[in-house]
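Some notes on the structure that comes next.
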């Protein structure tokens, strides 16, 4: 850039800076008042006593530890129990449903058998308990 | 012995805290008007600009008051720029949401448009514009139309007087980017305002 170009750029920068500063100095009384209120509010915030450092560190750390403990207990309860592994439990549920479906099939196929069974005396009733 | 020593230190600590508060107050008082103008030029709304400046002041006081005072200016302007960007994003989202709703119509079936546009404008009225310097108005309008990064670089460097390193810290970019954005901003403004402005 030429010297005259540099000079014009500097003039432009100087003039625009002065104008913007004049604009800032000429703010309305209402805006200036609200800026002052905002400043006081911020200063109150800065003066407010903050929690001790150990509280700021230990409270979040304690919360995290408690959450981790609950997660571990829940996980061990479902997955970590060797007597009821999760896959076995899931398979058990599925088998139970399948077995119930088989029972319904048997009911439909052997209606006559169950009608006959209903006419027979109860094997657990006192009058047949001694038969053997 | 230890207890009496601690008690003796308390007035000195209180005095130190008061000094820090006074220093923070002086800093905030020194930047608040320019910060407001920067926000107003970017946002073009007095109330939103005031909210943005207040948020930036609160954030600085809450989180950075204990930092060395010579770090406050770039930190404050970084917070201010983030708040301006958040406000612009909220407006963008709001305008997109309104675009999904069918336009309201008046009795003659004419579209009424966005209700926010019907709210009383915070822009200066005709009489205020008459009082406002024509040159200042032209400059503020031209700066307001600059791309965001150029606008930030120009206002922080030229208006606020931050050096290149402080501007880079406030804008969250490299010093080379600041120089590029600032140079382009000045070129654009000179073209927009004319040689004899």
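Can you tell me how many residues in the range A:18-40 are within 7 Å of another protein chain (Cβ to nearest Cβ), under 21 Å from residue B:51 (Cβ atoms) and in a helix (DSSP H, G or I)? So the answer is 7.
Criterion applied to B:161, B:172, B:176 was being within 12 Å of chain A (Cβ to nearest Cβ) and either at pLDDT 60 or above or over 28 Å from residue B:95 (Cα atoms) (or both), and the one residue passing it is B:161. Among the residues examined, residue B:67 does not qualify as more than 26 Å from residue B:167 (Cα to Cα), surrounded by fewer than 21 Cβ atoms within 10 Å (Cβ to Cβ) and within 13 Å of another protein chain (Cβ to nearest Cβ). Can we say residue B:29 is facing chain A (nearest Cβ under 10 Å), at pLDDT 95 or above and surrounded by fewer than 17 Cβ atoms within 10 Å (Cβ to Cβ)? For residue B:29, the condition - facing chain A (nearest Cβ under 10 Å), at pLDDT 95 or above and surrounded by fewer than 17 Cβ atoms within 10 Å (Cβ to Cβ) - is met.
Considering the range B:186-197, and only residues there that are more than 9 Å from chain A (Cβ to nearest Cβ) and in contact (Cβ under 8 Å) with a residue 12 or more places away in the chain, the residue that is nearest to residue B:79 (Cα to Cα) turns out to be B:188.
On inspection, residue B:99 fails the criterion of being within 14 Å of another protein chain (Cβ to nearest Cβ) and either without any contact (Cβ under 8 Å) to a residue 60 or more places away in the chain or out of contact with any strand residue (DSSP E or B) (no Cβ under 9 Å at 6 or more places or on another chain) (or both).
Answer yes or no: is there a residue in the range B:82-91 that is within 14 Å of chain A (Cβ to nearest Cβ) and surrounded by 13 or more Cβ atoms within 10 Å (Cβ to Cβ). Yes - at least one qualifying residue is present in the range B:82-91.
Return yes or no: is residue A:64 farther than 23 Å from residue B:60 by Cβ and modelled with pLDDT under 80? Considered against the rule, which asks whether it is farther than 23 Å from residue B:60 by Cβ and modelled with pLDDT under 80, residue A:64 comes out as no. Contact map, the range B:172-185: residues that are on the phi > 0 side of the Ramachandran plot paired with residues that are in a helix (DSSP H, G or I), Cβ distance under 7 Å, separation 6+ or inter-chain. Pairs shown: B:172/B:78.
The values are calculated or read from the model by the stated rules, or taken from the named source; none is laboratory data. Computed from a prediction, not measured in an experiment: that's the story for all the values here. Using ideal geometry, Cβ is built from the backbone for each residue, glycine included, and neighbour counts are taken over all protein chains shown.
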